[in-house]
1. Could you check, for region 26-45, whether at least one of its residues is within 22 Å of GLN115 (Cβ to Cβ), among the small types (Gly, Ala, Ser) and touching a residue at least 24 places away in the same chain (Cβ under 8 Å)?
2. Restricting to region 75-103, and then to whatever is part of a strand (DSSP E or B) and among the basic types (Lys, Arg), can you tell me which residue is nearest to the chain's Cα centre (by Cα)?
3. Restricting to region 19-47, what's the tally of residues that are out of contact with any Asp or Glu (no Cβ under 8 Å at 6 or more places or on another chain) and within 30 Å of TYR9 (Cα to Cα)?
4. Among the residues of region 24-74, count how many are modelled with pLDDT of 95 or more, polar (S, T, N, Q) and in a loop (DSSP other than H, G, I, E, B).
Amino acid sequence: MAHNAINRYHFSVQWGGTRIGFTEVSGLDIEIEAVSFRDGADTENSFRKIPGLRKFTDITLKRGIVKGDNELFEWLNTEKIGTVERRDVTISLLDESHAPIVVWRLKNAFPVKYQGPVLNADDSCVAMETLVLTHEGITVEKT
């Protein structure tokens, strides 16, 4: 049986802004904490392991800076004492016809860090910006 590997360079990010193109997305990780316990009546002289809480890493989005596009800042600036605008974010890995192959859905995401570009007069690279999102969970859907 032949396996068709999926290229990772064609994707979109639906985050509530008009620009859905990013150059990089990282942090699509899910981890289940293993909880150790031992009952006093256990005959085994070791701990048992049971699944505990799920842990999710922050998501990092990177893209080139475009003149006049302030939507990331506008979302970041919704933070007031103890509140921020939360959004459900959808990250889709796309096939050659732009149809989703894998979709990651982030629940109640909000920005926790913005990082501007490193400015260097000797460099001709595009100025990049980075937004880090935290969230309350990821679901993964494969088509």
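1. Quick first cut of region 26-45, residues within 22 Å of GLN115 (Cβ to Cβ) only: 26-29.
Of the ones still in play, those that are also among the small types (Gly, Ala, Ser) are 26-27.
Now restrict to residues that are touching a residue at least 24 places away in the same chain (Cβ under 8 Å): 26-27.
Within region 26-45 (the criterion being within 22 Å of GLN115 (Cβ to Cβ), among the small types (Gly, Ala, Ser) and touching a residue at least 24 places away in the same chain (Cβ under 8 Å)), the answer is yes, since at least one residue qualifies.
2. Only one residue fits best here, namely ARG87.
3. Summing the residues that are out of contact with any Asp or Glu (no Cβ under 8 Å at 6 or more places or on another chain) and within 30 Å of TYR9 (Cα to Cα) in region 19-47 gives 12.
4. 1
The values are calculated or read from the model by the stated rules, or taken from the named source; none is laboratory data. Values in this document were obtained by computation on a predicted structure and should not be read as measured data. Neighbour counts run over all protein chains shown; Cβ positions are idealised from the backbone, glycine included.
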